[in-house]
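Notes for the one structure printed next.
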Amino acid sequence: MPAIQHFIATLDPLYVLSGVLVGGLVGMTGVGGGSLMTPILVLLFGMHPATAVGTDLLYASITKASGSVIHGYNRTVDWTVVGRLALGSIPATALTIATLYFLDAGNDKSTQLLITQVLAAALLFTAISLLLRKPLMRWYSTHIPEMNPVLVRRLTILTGAMLGILVSLSSVGAGAIGVTALVFLYPKMDARRIVGSDIAHAVPLTLIAGLGHASLGLINWHVLSSLLTGSIPAIIIMSIVSARASDTAVRVALAIVLIAVCVRFWFF
């Protein structure tokens, strides 16, 4: 009991609230984790960019593990697709973390600038993916013939590799960019299965990347515990109700926020 009381006393209410908001959004739409949490940690709380990325990666892995359990129970995960993505993302993640180690990401200013610029670019691409997903899908379904299954498998592995690099550098992309890629590669797949598969794939991706950042000393464990306290209940609840919710307004609002954050990273 004293240990529980001590843990509660050490929680920061603002970080807990941030975890609730971001975790709920991820549970509902499958997007918004890294694209919101990392900018929140950097811009609102003044955290070092590399530490913010590392903390967010472990936060995302644990949070999305909770959501993937719910999606798995509801059978809204295509494990074949998850396996293909992981086949590309896990080696790419390991290679990127090794590169960050040799670049001394925690102390080298040029590496910090690289992480910030990659984060801004990833946020912009994420925002575009959110805003244009439906018109792009209409154009795609009209003009692009159904792809060969072998080509789809290879492109899925390549998508995983690209996500592994991007997520390891910026913690952004596993959600919105991953979902958008799956929509194009598997246009006949139910939207709930796309979201569920994307969340399930993000678990090993962000876990490996997060552990890599932890080995570099780029994790704020106090902040992580506060974020998880808010996010785990939120993502479980919103994963349960996601099948009944429309995410259009949420996606548009999120895209506007991401564009504003992107401008802040690039120009101020």
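The values are calculated or read from the model by the stated rules, or taken from the named source; none is laboratory data. Note that this is a predicted model, so its numbers are computed, not measured. Cβ: placed from backbone, ideal geometry, glycine included. Neighbour counts: every protein chain shown.
In table form, for the structure just shown:
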read-out	value
Condition check for residue 30: at pLDDT below 80, touching an Asp or Glu at 6+ places or on another chain (Cβ under 8 Å), closer than 28 Å to residue 186 by Cβ and not β-branched (Val, Ile, Thr)	yes
Positions within region 66-84 being under 28 Å from residue 41 (Cα atoms) and at pLDDT 85 or above, in sequence order	none
Some residue of region 100-113 being in a helix (DSSP H, G or I), modelled with pLDDT of 75 or more and crowded, with 23+ Cβ neighbours inside 10 Å	yes
Filter result for residue 43 (surrounded by fewer than 24 Cβ atoms within 10 Å (Cβ to Cβ) and either aliphatic (A, V, I, L, M) or at pLDDT 85 or above (or both))	yes
Complete set of residues in region 56-82 that are farther than 23 Å from residue 19 by Cα and surrounded by fewer than 18 Cβ atoms within 10 Å (Cβ to Cβ)	73, 74, 75, 79, 80
Residue in region 161-183 that is at pLDDT 75 or above, over 21 Å from residue 96 (Cα atoms) and surrounded by fewer than 17 Cβ atoms within 10 Å (Cβ to Cβ) present	no
Per-region count, region 183-200, residues touching a residue at least 40 places away in the same chain (Cβ under 8 Å) and assigned to a helix (DSSP H, G or I)	11
